Amino acid sequence: MEGLCQLPSASRSLISSRRSSAAVRISNGGASFGQGSQTFAIQSQSKRRARNISLRATQSPQVELLKKGSDRLPAIPAETDEAKNERWETLVKEIKQIFRLMDDGETNASAYDTAWVARIPSTEDSSKPHFPQTIDWILKNQLEDGSWGEPTYYLVFDRLVCTLACVLALKTWNIAEDQIEKGLNYLKNHVDEIETASESLITSGFEIAFPSMLNEAKNMGIDLPYDRPSIQKIIKFREKKMGRIPVKVMHSVHTTLLYTLEALQEVVQWDEILKLQSADGSFLSSASSTAAVYMNTGDKKCLEFLQSVLNRFGDNLPCQYPIDLFERIWAIDTIARLGIDHLFKKEIIDTLDYVYKYSGKQGVSWGRDNTVPDVDDTCMALRLMRLYGYPVSSDMIEFFRDDDGNFICFPGQTHRGVSDMFNLYRFSQVAFPGEKILKEANAFVESYLKDCVKNNKVDDKWSCKKALGKEVARGLEYPWRRSFPRLDAREYLDHYGDNDVWLAKTIYLIYNVTNPKYLELAKLEFNRLQAIYEKEIGSIVEWWNSCGLEATSLSPEQLHFAIASTLPEPEFARSRIAYTKSNSIENVLVDLFYKHESTEDLKNLCRAVEEWNPSLALSLPSQLKTTFNVLYETLNELAGEASKVQGKDVFPYFHELRKKQMEMYMKLRETKLGGQSGEYSLKDYIEHGKTELGVAVRLLPSVFLMGERLRDLDLLCLNEKSRIQEMLSVFLRLYVDLQMHKNSLAQGGMNAVAVSMEVGKRREEEALGDVEAQMEEAFDELVHESLKPSLVPRSCRRLMFEHARITQFFLHDDFTSPAHRQKIADAMERFRTPVPIDSTA
């Protein structure tokens, strides 16, 4: 099993005359995971139709996926292909333009907020509206059923508050009796729907605002069924909730109550509330709340804010504005999850610079001048900025804890949403060393989300999304640390709703987040990359077929699938091929040093490698001779290719690392370390065991082929004293040992759990806890080293982190079980199947 344990490495292609003339052979037999004398057979589950290029030896059922490759991407007529390329280029340009032109947010009209502003009397003639254009908008935008509200999505709470607000606005000026009557009929016919509607989808402040307006309507003599049980129920609920409002707190600190002041007029002390006005003149960017404050105080800054919003939208107002931070954060996240972020690197950095500039000390809100942050925007912003190397702290998450220490969206709230907790969950996974708050958040929110999915309670407080439940379920099954971005992107193509809506006091849309252009480009890009990967795997298969090497626990296809899923950009094609070949060869070498009977043969192999002399390999047994020849040719070719990229001879780096790793394998073979666990402390075991993984020799060719010219200083990341390599190696050693132990594959041999039990005189449970704690600490250090500002090129650090991801993906759960192997096979099938462009599946 050690071949699998040492999973990743880097190698490179060599297309020689010997290989090109080699016969292409197919084997549909089984494969095995082996450690020492133990072998776990894996039989191919099906024999599929062979393709024109196939493998000599298959390692697992996943290998068979390749044989369908010839009909996977049928030839596309030139004119069709050209049209798709032109569309791709057009969409890239248009989306770049979207990011360049982002201002305070592109959003829809709110009938509710427009109606409140429409009630403001003119400063010159109080018998007329100050903003007559808002009245015109109301008159023009009544829906066929008599209601007002978002026309693209029906939600009864939205329609009720919008309709009643518009009725009150028209009644204020005693106009449009026919439209008022139609609105009243809608209210009478639909108000009972609140009894059966999902409470999770109730709009913000509905239980306060709707009864408040009903009271106004009653005072104005408007005929509504006030005694109806559904209305009485909501009125009583408001009375109960009003009794719990902390009036003193409301007037002394910034809270979400500032967002709904129009519904709290009987308790607001207007002269006091002005002290909490935002810098832009609004009250939490709410037009309706700001309008109510103006009508009770005459504050000029309120009027100036409302006028500025109308200058932007003409005759209507959104439910909240500006939404500059919200729009930017979610737009970046959207294109990242759709897998097209690599096309917009400059735009993303420019956008995050803006977000970073306006992030507050206590968190991030939807607008730059908002004084009340929320956990949703805060976690999304912090996670994105951290992933892109911005120096951000997790300390502000403490602001979003309630009195019991649990996490909420806004301070003082009790009801949680699914989407806000999901974003807290996503951020909690990108923890740095010592960030206790994120560890606690992760434990709490993971449990909460699992319960939501299990009980199908995925209606969200803040949004109506196409497939939020599926998003959350996948995020729980494949957390960030062992997720493959391209696989995640493929799933998000199905989950992304380009017509999704958000919930505040009314339904609102963010056109630069829910945008069909993103989805269209993502589908085109997915298939564009698939064509690139298909060529890569074709060359890898041809190389492997010509090698004559023994099968190992991971096939070249699996390795290429893994690195392409985590390092997907087209410019990294050579690096991906190098990674696949190097790891394939390294896994062969690991198996040889474990299984080959003759120690003397292995010493001779090491001698041939040290002197880099093919003649010394001539007397080796066939298997070792073949391995040396493949290693020799591959390393020479990789070094030659890398030297061209680097502008200098890099062969000495390659050869030196190769010699050291062979010496390490030989030393482990000779000392038979696995039988001497009692002689080592856990620290000693980790120190010896981590070098066995060969991280540097596996990654060096890929590092050199990432496209950047590296200085000697940069290569220190692969030095044995390098902090990032240290943490990667320690994490992999402990992770592999834990998985081996949990799957009962380590009996009789040394592993971290056994050492911890024997040396520390611990029970198994205690030893597992100790090793897991050290493993998590190493992973946090690895995350920090890979994301923090560093002299080591970002691409090198990224490759090292992806190496850890790949290992976790393959070795997770019961990784020898048919179910796990089938899951990988299904993932590869999904990864290699083009997306239907004409479908919104």
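Summary table
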read-out: Length-normalised contact order for the chain - Cα pairs under 8 Å, 6+ apart - percent; value: 18
read-out: Sites matching chymotrypsin sites (Phe, Trp or Tyr not before Pro) across segment 135-188 that sit in DSSP coil, with at most 16 neighbouring C-beta atoms within 10 Å; value: Tyr153, Tyr154, Trp173
read-out: Crossing angle, helix 375-387 versus the chain [Cα axis fit, 0-90 degrees, rounded to tens]; value: 30
read-out: Accessible surface of segment 683-841 [probe 1.4 Å, protein heavy atoms]: carbon and sulfur percent; value: 51
read-out: Spatially proximal lysines relative to Lys761 (Cα-Cα < 22 Å; intrachain offsets below 8 disregarded); value: Lys683, Lys742
read-out: Cα pair distances exceeding 41 angstrom across the chain, given as percent; value: 43
read-out: Pairwise label distance in nanometres, Thr297 with Lys240, each label 7 Å out on the Cα-Cβ vector; value: 3.3
read-out: Charge tally in the Cβ shell below 13 Å around Tyr259, where Lys, Arg are +1 and Asp, Glu are -1, Tyr259 excluded; value: -2
read-out: Euclidean distance between Cα centres, segment 126-143 to segment 756-777, Å; value: 71
read-out: Accessible area per residue, Å², segment 298-409 with all protein chains present, probe 1.4 Å; value: 35
read-out: Förster radius 45 Å - calculated FRET efficiency between Arg762 and Gln307 (Cβ-Cβ, nearest 0.05); value: 0.05
read-out: Whether segment 770-841 is rounded, prolate or oblate, judged on the alpha carbon gyration tensor where a/c under 1.5 counts as rounded; value: oblate
read-out: Whichever aspartates and glutamates have a C-alpha closer than 13 Å to that of Lys248, once near sequence neighbours (fewer than 8 apart) are set aside; value: Glu272
read-out: Residue among Ile245, Leu519, Pro211 farthest towards the positive dipole end of the chain, charges placed on Cβ; value: Leu519
read-out: Charge tally in the Cβ shell below 11 Å around Leu91, where Lys, Arg are +1 and Asp, Glu are -1, Leu91 excluded; value: +1
read-out: Protection proxy ranking of 257-266, 365-374, 123-132, 736-745 - average other beta-carbon atoms within 10 Å, highest first; value: 365-374, 257-266, 736-745, 123-132
read-out: Ranked packing of 286-294, 416-424, 334-342, most packed first, by mean Cβ within 10 Å; value: 286-294, 416-424, 334-342
read-out: Estimated distance in nm for a label pair at Asp649 and Asn219, the labels positioned 7 Å out from Cα along Cα-to-Cβ; value: 9.1
read-out: With Cα atoms, 0 to 90° folded angle of helix 794-811 axis to the chain main axis; value: 80
read-out: Computed E for Asp395/Asp451 - FRET, C-beta separation, R0 41 angstrom, nearest 0.05; value: 0.90
read-out: Residue (of Ile273, Met295, Thr256) at the positive-pole extreme of segment 244-308, dipole from beta-carbon charges; value: Thr256
read-out: Proximal aspartates and glutamates to Lys140, defined as alpha-carbon separation beneath 12 angstrom and excluding residues fewer than eight positions away on the same chain; value: Asp315
read-out: Segment 600-619-segment 375-450 distance, computed between alpha-carbon centres (Å); value: 55
read-out: Amide H contacts of Ser463 (H built 1.01 Å from N, under 5 Å, at least 5 apart or other chain); value: Leu503
read-out: Modelled FRET efficiency - R0 56 Å, Glu571 with Asp145, Cβ distances, 0.05 increments; value: 0.55
read-out: Rel. contact order, % - alpha carbon contacts under 8 angstrom, at least six apart, segment 684-839; value: 26
read-out: Between 0 and 90°, nearest 10: helix 622-646 axis offset from the chain longest Cα axis; value: 50
read-out: Entries in Lys240/Lys465; Lys301/Lys346; Lys345/Lys690; Lys241/Lys439; Lys188/Lys218; Lys659/Lys721 that, when Cα-Cα distance is taken, lie over 25 Å; value: Lys240/Lys465; Lys301/Lys346; Lys345/Lys690; Lys241/Lys439
read-out: Helical contribution to [θ] at 222 nm, DSSP H n ≥ 4, -39,500 (n - 2.57), averaged over the chain, rounded to 500; value: -17500 deg cm²/dmol
read-out: Rounded, prolate or oblate (a/c below 1.5 giving rounded, otherwise prolate when a/b exceeds b/c) for segment 338-412 by Cα gyration tensor; value: prolate
read-out: Label-reachable residues, segment 551-573, where backbone N falls under 18 Å from a point 7 Å from Glu829's Cα toward its Cβ; value: 557-558, 561-562
read-out: Theoretical gain in end-to-end length, Asn174 to Asn719 [0.36 nm per residue, Cα-Cα removed]; value: 188.2 nm
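The values are calculated or read from the model by the stated rules, or taken from the named source; none is laboratory data. Please read all numbers here as calculations on a predicted model, not as lab measurements. Note that we place each Cβ from the backbone using ideal geometry, even for glycine, and neighbour counts take in every protein chain shown. To get the accessible areas, we keep the full protein, side chains included, count just its heavy atoms, and leave off ligands, DNA and RNA. Shrake-Rupley method; radii C 1.70, N 1.55, O 1.52, S 1.80 Å.
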